[in-house]
1. Answer yes or no: is there a residue in the range 141-148 that is under 19 Å from residue 67 (Cβ atoms), buried (at least 16 other Cβ atoms within 10 Å of the Cβ), over 15 Å from the mean Cα position of the chain (by Cα) and modelled with pLDDT of 95 or more.
2. Does at least one position in the range 149-168 carry a residue that is in a loop (DSSP other than H, G, I, E, B), touching a helix residue (DSSP H, G or I) at 6+ places or on another chain (Cβ under 8 Å) and either within 21 Å of residue 8 (Cα to Cα) or modelled with pLDDT under 95 (or both)?
3. Could you say which residue among 86, 16 is touching a strand residue (DSSP E or B) at 6+ places or on another chain (Cβ under 9 Å), over 26 Å from residue 163 (Cα atoms) and not in a loop (DSSP other than H, G, I, E, B)?
4. Would you point out the residue of the range 92-131, among those that are in contact (Cβ under 8 Å) with a residue 24 or more places away in the chain and assigned to a helix (DSSP H, G or I), that is surrounded by the fewest Cβ atoms within 10 Å (Cβ to Cβ)?
5. In the range 69-84, which residues are exposed (fewer than 15 other Cβ atoms within 10 Å of the Cβ) and at negative phi?
6. Go through the range 132-148 and count every residue that is closer than 19 Å to residue 63 by Cβ and either in a strand (DSSP E or B) or in contact with a strand residue (DSSP E or B) (Cβ under 6 Å, 6 or more places away or on another chain) (or both).
7. In the range 109-122, what count of residues is obtained for those that are modelled with pLDDT of 95 or more and either over 12 Å from the mean Cα position of the chain (by Cα) or within 17 Å of residue 58 (Cα to Cα) (or both)?
C-alpha cells in the first residue's frame, strides 16, 4: 500500500515564523545571516516550539483518514538526536495529531523511503526541491507544497488524483 509521507517544516510546522520570531525579524531579508541563524538552532528546543499552520489540522486529518501515512523530516546537520526529540515533542503538542504515528522518520535521505519493498511508490509532500527531486529519481511520487503559499484543498485534490491513478494502474 502506498504511504503518504508529510514533511514537517514548511508543510505542517511553520519553521520560518519560528525563526523570524526568535531573531526578532519579519522576513528572510532581515535575517542577519540565514546560515548562521539556522546553525544557532543546534542543541536548542526550537523545533518543539514552532507554530503550526492554519491548514495543518486539515492536512493531518486527511492523511489520517487515508490510513497509511507518516512523517518524514530532516534534522539540522550534526544535530540529529536533538532535532528528532524536539520534532517528536512538536507532534505531541497538538490535540489533532494522532498519538499513534508509527511512521516517524528523521533522515537527510528521504528518498530511501520512495518505494515500498514490492516496488510500489510512496507519496512525499514536501516544500523543498532538495527532497522532491531525489524522491522522484528513486521512483516515488512527490508533490511540492508550501503551506504558507499553496492551497491545502488543491493539494488534497492532487493527492486524490495520484491515488486514483495508482489504483487504476
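1. Within the range 141-148, not a single residue is under 19 Å from residue 67 (Cβ atoms), buried (at least 16 other Cβ atoms within 10 Å of the Cβ), over 15 Å from the mean Cα position of the chain (by Cα) and modelled with pLDDT of 95 or more.
2. no
3. 16
4. 93
5. 77, 80, 81, listed by residue number.
6. Qualifying residue count for the region: 8.
7. The total comes to 8.
The values are calculated or read from the model by the stated rules, or taken from the named source; none is laboratory data. All figures in this text were calculated on a predicted structure; none of them were measured in a lab. Glycine also receives a Cβ, built like all others from the backbone with ideal geometry; neighbour counts cover every protein chain displayed.
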